[in-house]
Amino acid sequence: MNVSVPKETASGERRVALVPEVVERLGRGGVDVTIEASAGEGAHYPDADYEKSGAKLGDGYSGQVVAKVAPPSAEEIGLLRRGSVLIGFLAPLTAAETVRALADAGVTSFAMEAIPRISRAQSMDALSSQATVGGYRAGLIAAQQLPRFFPMLTTAAGTVRPAKVLVLGAGVAGLQAIATTRRLGAIVQAFDVRSAVKEQIESLGARFLELDMGLEDAEAAGGYARALTEEEQQRQRELLAVEIGKMDAVISTAAVPGRRAPLLVTEQAVKNMKPGSVIVDLAAETGGNCELTQPGETVVREGVTIAGPFNLASTMPDHASSLYARNVQALLELMVKEGELALDFEDEIIKGACITRDGEIVHEGARNAAGATA
């Protein structure tokens, strides 16, 4: 079986789907890899390293399986062979045109973000691996943008108090943001509507912020937070606005798959913050958790710097690519038997991650999204 890896063409995308180390491992399992010239350049993996690992340089869309990172453009879908298999991030719940085009092209596609969140699939969980990078970078952005020290300093001129940081959402990105800002010396609190994450927050040295919202728990299937009712959201925003006003920096990571990011930080909350404070909104790509976020930009509103970065994982492409490649490797190993492609659609991982097959949209969420858009 042959897997091919094209050079990513999306603006700002520096990651690559497979790295030389993983190419070598796949080769030992009977999988040949063809990689487009300079595909790994943005992540500092030169062509020579791929060739040493056993890959061939060639057409990135020639393989029986094509491994990508970013969702394919219309032009890229046109390069895929009918009957081929595509693996990558596909945004199946929001990119309806892409999904329909893949179905029309006769491509069997698998979305990395649709892999079921079960124990057996942890090694394939690309959402988590890339969120780890995003949470880490968010902590650094907060420290860089804040015009104050993060750690407590005792100097001849007196003592500098440590910065106070609030992390909203304690998923993988949030937990990594907690760990990073704690390492930098800040006093960290974290809020999440899921009571089950309190222990994880406290294990990282942060304090779990409890709001009197009258909620038992708000955890949905797969470990995600469920969408709150409008009344619950309004109460949450009011309580958070008070706590946010006490902070030097806020890192927001809350998201609900397939929906607009919940509004957590109101304009009033921003006004409550001291001038010079910072908000890093990791949910900017899906609308933002902050009412004043400008997606993809860093702005100053009410004296507060608000960063709404896109695709933070791509800003650290070396390790992001390495982690992602291991996720792809784990999925490929499930698909390949004795060096041949053998897709078992009775397997819950294969079935759950499959978006299009035999000219049809087979993933229920993607089908509903495509139908709604149409």
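Quick look at the numbers
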read-out: Every pair of residues 6+ apart whose Cβ atoms lie under 8 Å, when the first sits in region 141-169 and is under 25 Å from Asn289 (Cα atoms) while the second is β-branched (Val, Ile, Thr) and part of a loop (DSSP other than H, G, I, E, B); value: Val167/Thr253; Leu168/Thr253; Gly169/Thr253
read-out: Of all residues in region 230-265 being in contact (Cβ under 8 Å) with a residue 40 or more places away in the chain, in a loop (DSSP other than H, G, I, E, B) and over 15 Å from the mean Cα position of the chain (by Cα), the one that is farthest from Val304 (Cα to Cα); value: Leu264
read-out: Residues of region 191-227 that turn out to be assigned to a loop (DSSP other than H, G, I, E, B), at pLDDT below 65 and over 19 Å from Leu240 (Cα atoms), as a count; value: 2
read-out: Out of Leu240, Leu264, sole residue that is more than 18 Å from Ala284 (Cα to Cα), buried (at least 18 other Cβ atoms within 10 Å of the Cβ) and not polar (S, T, N, Q); value: Leu240
read-out: Condition met for Ala179 (outside the structural domain of Met335 (by TED's automatic domain parsing), under 19 Å from the mean Cα position of the chain (by Cα), among the aliphatic types (A, V, I, L, M) and surrounded by fewer than 24 Cβ atoms within 10 Å (Cβ to Cβ)); value: yes
read-out: Test result for Ile355, among the β-branched types (Val, Ile, Thr), crowded, with 23+ Cβ neighbours inside 10 Å and without any contact (Cβ under 8 Å) to a residue 40 or more places away in the chain; value: no
read-out: So Ala173, is it touching a Ser or Thr at 6+ places or on another chain (Cβ under 6 Å), farther than 10 Å from Ala249 by Cβ and hydrophobic (A, V, I, L, M, F, W, C); value: yes
read-out: Any hit, region 152-172, residues being within 17 Å of Gly276 (Cβ to Cβ), among the charged types (D, E, K, R) and modelled with pLDDT of 95 or more; value: yes
read-out: Which listed residue, of Leu332, Leu341, is surrounded by fewer than 21 Cβ atoms within 10 Å (Cβ to Cβ) and either within 22 Å of the chain's Cα centre (by Cα) or in the same structural domain as Arg25 (by TED's automatic domain parsing) (or both); value: Leu341
read-out: Positions within region 320-374 being basic (Lys, Arg), in contact with a strand residue (DSSP E or B) (Cβ under 6 Å, 6 or more places away or on another chain) and not in a helix (DSSP H, G or I), in sequence order; value: Arg357
read-out: Counted residues, region 266-282 - those being touching a residue at least 40 places away in the same chain (Cβ under 8 Å) and not β-branched (Val, Ile, Thr); value: 3
read-out: So Val65, is it surrounded by 22 or more Cβ atoms within 10 Å (Cβ to Cβ) and under 21 Å from Glu340 (Cβ atoms); value: yes
read-out: Of all residues in region 9-31 being over 16 Å from the mean Cα position of the chain (by Cα) and within 13 Å of Ala43 (Cα to Cα), the one that is surrounded by the fewest Cβ atoms within 10 Å (Cβ to Cβ); value: Pro20
read-out: Condition broken by Asp104, with the remaining ones in (1) at pLDDT 95 or above; (2) surrounded by 15 or more Cβ atoms within 10 Å (Cβ to Cβ) satisfied; value: (2)
read-out: Within region 274-296, tally of residues that are over 18 Å from the mean Cα position of the chain (by Cα) and either surrounded by fewer than 24 Cβ atoms within 10 Å (Cβ to Cβ) or of a type outside the set (A, V, I, L, M, F, W, C) (or both); value: 8
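The values are calculated or read from the model by the stated rules, or taken from the named source; none is laboratory data. From a predicted model like this one, the values you see are computed outputs, not experimental measurements. No Cβ is skipped: glycine too gets one built from the backbone with ideal geometry, and neighbour counts run over all protein chains shown.
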